[in-house]
Amino acid sequence: MSLYTDTAWGRSTKLSQEELNKRAKIIADAIEELRAFAPSWEAQVEALRAVGLERINDAILPAYEQLIEASNLGALFSANSDSSVDIGLGSRTFLIRETQRRNFAPTPFVMAYAGGEYGQSVVGTVSSYDSETGELVVAVVSSIGTGTFDDWTIGPIATTADLETLRTQVLAAQTDVAANKAVVDTKHAAVVAIGSLYYGPLAAPPVATPPAVIPLGAKFLDTSVTPNVEKVLTTTGWAPTVTVSVGGRRTQDYVAATTGLKGPFTVDGGYSTGDIYVNGVMLRAPAEVTLAPGPTGTFTFVEGLAAGDIVSFRGFLANDATDIYTKSETNSGFIKSSNPVAGLRNKLLNGDFHIWQRGVGTFTIGDTGSQYTADRWWLKGGSGSGSQVGREVLTAEDVEAIGGASVFGLFWARTVAGSLPTHLMQPIEGVETLAGKKVTVTLWARAASDTQLTIDVEQYFGTGGSPSAAVISTPVTITATSVLTKFTAVLDVPSIVGKTVGTNGNDCLRLRLGRPTDSPNPLVRIVLAHVSMVEGDASNEADPGGTRGEIFERILCRRYYETGAFGHVNGVANASIAGSVSSYVYFQTTKRIVPSVIGTETLGTFAATNITVDGMTAGRSNVVANRSSLGTFTADAELFP
């Protein structure tokens, strides 16, 4: 007799515990016979063809990979659930135990019985099953017993239609296995072919014995050069597979032969950048040592050495990368990577408007004017427009709304709308920043009456050479009301593939907040607070930018602009000195570029010399004996778009 004949229901067959137990035992016995059969996937495919419907469990898996995983066929038919489910008709949901979810594949018609008792069971069709979560939804069409239970065993019950469906699935699975095997064989052949083209480390290019030839695309590691270079055979001969060769940091030592020796000391091969140490202590340039980098680079000490002093140069030699790029070109890449926001999620600085080194305002900007206001925030007037910008002390309600992130904001009022929009911007070093990616701009805004604000980003390719024209993203428009409200804009930053960047190092990505001339109430006072810009779509996050703390934010801002003070003392010993006195002033943060410096002195005339990214010599003329003076300065290394 066939399994179907033994388990089929007739019109007159009664739905009783005895009948159910009888059919369940027939199925269980058949399953037990299958448990001992656990062949490899290849043998299983052949067995499927031979045994047909007796191996219906394997046909449930739709993919070739799952056939490989499922070596224990019995686990595919039945599973257990600890869900609390009541016996009754309609939809019932069971969570399959975690250890069984992966291999359990329910047949279209299943029985679930509680506590090992068929007298407490439901029978129905499978509505859905998620092997990741283990959620099995069954549409129950018949049941035996009553009550709610949390110890369920779930197994198959077959119908004629189900068996025919599974037979179709068996044949489809066989076809999928054959196709997947062909793909694997093809990929394996490709890997073998690629491996045969690599000749390993050699001091000279490989040579084939005629009539054999070395095929195009063959590679070897050339150990005759340092550092070693991988080369590939092209139609024009062997060529390096990389386009950049960067040397490492080198050391060269000297010993002072006599007391008072200052130099110059020559670095073999020249150098581009480096540090000088005496007896293990690094000296500062130019206060203690003068550096003269170049192909024949030298350095000279300000004070004479003592005989026997150990001098060490540690830096990058001038010829480290001359095979492909000049050293200056290679160094420019390192300088680019020093972008201070590269490792920060929030790419904007001073988004909480804590820092106002130029004063807290009010700044007045006309239609052709532009200037920095709060640190890193630059306002550019539109044609015929007039604007006023300054620091806003937030109300208690405002501070609570932004979660205490700041007590300050920025106000922006317009005296004249003009014919072109006015923009408040922040430039971010490097036009490649976030290129080709999504960004999320988050800000809080309110206005005296409803008015509009546009949000977009602009890629500025700088000056020098023949840079590409600026590219602006599609703007998002928001409407500020009298209540400080959070706004989010998700923008697509264009790719820069095929673009040309200027040679002056002032390329950047600009965030732009614009005030359209045709906006309702274009002259009203608007307040901005807690502004951030992060990579990706963060529109579902409450506060994507977070806060960094005022001290860290101030350090970052000083890379572009710094105000400072210094002092001079002209004592009795210098009473007869006429002319000037000077001292070296270190900047609190290394600047983006050599800054422009202006300053004042309480006595005499201020002068700055030997300006570098790290500091300057601050001098004073018209010296008066026994008098001290104080000076102030600003060091400006801003990006001026």
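Over the Cα atoms of the range 454-571, what radius of gyration and what Dmax do you get, in Å?
For the range 454-571, the Cα-based Rg and Dmax read 19.3, 65 Å.
Determine the gain in length on full extension of the stretch S466-L15; use 0.36 nm per residue of separation and subtract their C-alpha separation, reporting nm with one decimal. It would help to have the intermediate numbers written out before the result.
Working: separation 451, 0.36 × 451 = 162.36 nm, distance 8.69 nm.
Separation in residues times 0.36 nm, less the Cα-Cα distance, equals 153.7 nm.
Under the rule of at least 5 residues apart or a separate chain, name every residue whose amide H is placed under 5 Å from the amide H of I157.
Sorted by chain and number, the residues that satisfy this are F109, V110, M111.
What is the set of long-range amide H partners of A538 at a cut-off below 5 Å, with H atoms built 1.01 Å from backbone N?
Those qualifying (amide H under 5 Å, at least 5 residues apart or on another chain) are T440.
Which entries in the list K347/K591; K347/K499; K181/K219; K437/K591; K347/K380; K347/K486 go over 24 Å, if you measure between the two C-alpha atoms of each?
From K347/K591; K347/K499; K181/K219; K437/K591; K347/K380; K347/K486, over 24 Å: K181/K219; K437/K591.
Write down the Å³ per residue value for the convex hull defined by the alpha carbon atoms of the range 338-417.
Details: hull volume 9.6 nm³, N = 80.
Cα convex hull per residue, to the nearest whole number: 120 Å³.
Mind putting a number on the dipole of the range 364-494 about its Cα centre? Charges go on the C-beta only, +1 for Lys and Arg and -1 for Asp and Glu, and I need it in Debye to the nearest 20.
Numbers: 8 positive and 12 negative charges, 17 e Å.
Result for the range 364-494 is approximately 80 debye, rounded to the nearest 20.
Could you tally the net charge around T500, taking each other residue with its Cβ under 14 Å from the Cβ of T500, Lys/Arg +1 and Asp/Glu -1?
Its environment carries a net charge of -1.
Given the protein chains as shown and a 1.4 Å probe, how many square angstrom of Y584 are accessible, to the nearest 10?
Near enough 50 Å² of accessible area.
Work out from phi, with θ = phi - 60° and the Karplus expression 6.51 cos²θ - 1.76 cosθ + 1.60, the ³J(HN,Hα) of each residue of the range 80-90, listed in order in whole Hz, and give x for Gly and Pro.
10, 9, 9, 5, 8, 10, 8, 7, x, 8, x
The values are calculated or read from the model by the stated rules, or taken from the named source; none is laboratory data. These numbers were taken from a predicted model, which means no experiment stands behind them. Counting neighbours? That spans all protein chains shown, and the Cβs are built from the backbone with ideal geometry, glycine included. These accessible areas exclude ligands, DNA and RNA; they are computed on the full protein's heavy atoms, side chains included. Shrake-Rupley method; radii C 1.70, N 1.55, O 1.52, S 1.80 Å.
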